[in-house]
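Values in this text are rule-based calculations from the coordinates and carry no lab data. Note that the structure is predicted; figures quoted are calculated from it, not measured. As a convention, Cβ positions derive from the backbone with ideal geometry for all residues, glycine included, and neighbour counts pool all protein chains shown.
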């Protein structure tokens, strides 16, 4: 089966940098994704890592190490609007399902 | 970009009634759609994979007779919660991906908040 571990909550200060880690266990790995979800809203896609290394999209970057079954999401120049829950997700190559981690709630202090 | 809609956005019903939720891909065809359930402050739990023209694949622990899924066309999947009970109250979200996308990107509908009295 699949499982993902990420911290339940992280707190950071506006303007700072925060890293949200994710470790995964899956039998047919096919990429690690990150999604953002504001309260009451639907998840929105942030980034994807299919290969090892860093992917950068504006203030957000995501990293993957397949040998360590580990990835992280890096958020820079934090803004209050970044307060949300962040989910890592893996896609199982065998059945194409995408399984989500339990989510990390990011609190940003002014 | 790809847009997925859901209807209704919220529904309140009496215990014992059935509720149908529609999920539509508006500007692309989706051979596969996914249905998730989310309780407050919790993660998205995959309920089932909806395949156009065939039976849905349900996750372990999800009652297929209670949560009926029909994927009648390449742009529409429906989830019917039959004989709803208060414990079925939750946020139901569907998603779809564009077949050629290799980056796992799922496009989510806005969700349907179900409250069963």
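Sequence-distant contacts, meaning Cα pairs under 8 Å at least 6 residues apart, place the relative contact order of the range A:48-110 at 22 percent. The overall shape of the range A:3-109, judged from the alpha-carbon gyration tensor, is prolate: a/c is not under 1.5, and a/b is greater than b/c. The residues A:100, A:63, when put in order of fewest to most other Cβ atoms within 10 Å, stand as A:63, A:100.
Per residue of peptide A:100-106, the mean number of Cβ atoms on other chains within 10 Å of the residue Cβ is 3. Once C-alpha pairs closer than 8 Å and six or more residues apart are averaged by separation and normalised to the residue number of chain B, the relative contact order reads 36 percent. With just the Cα atoms defining each centre, how far is the range A:14-58 from the range B:35-77? Give it in Å. Their Cα centres are 23 Å away from one another. Once you have a ≥ b ≥ c as the square roots of the Cα gyration tensor eigenvalues for the range B:1-108, tell me rounded if a/c is under 1.5, and otherwise prolate or oblate according to whether a/b is larger than b/c. Taking the square roots of the gyration eigenvalues as a ≥ b ≥ c, the range B:1-108 is prolate. Among B:52-61, A:15-24, the peptide with the highest mean count of other Cβ atoms within 10 Å heads the list, and the full ranking is A:15-24, B:52-61. In percent, rounded to a whole number, the relative contact order of chain A is 37, using alpha-carbon pairs under 8 Å and six or more apart. Mean projected area of the convex hull spanned by the Cα atoms of the protein assembly as shown, taken over all viewing directions: 12.2 nm². Residues A:61, A:8, A:47, A:33 in ascending order of nearby Cβ atoms (within 10 Å, fewest first): A:8, A:61, A:47, A:33.
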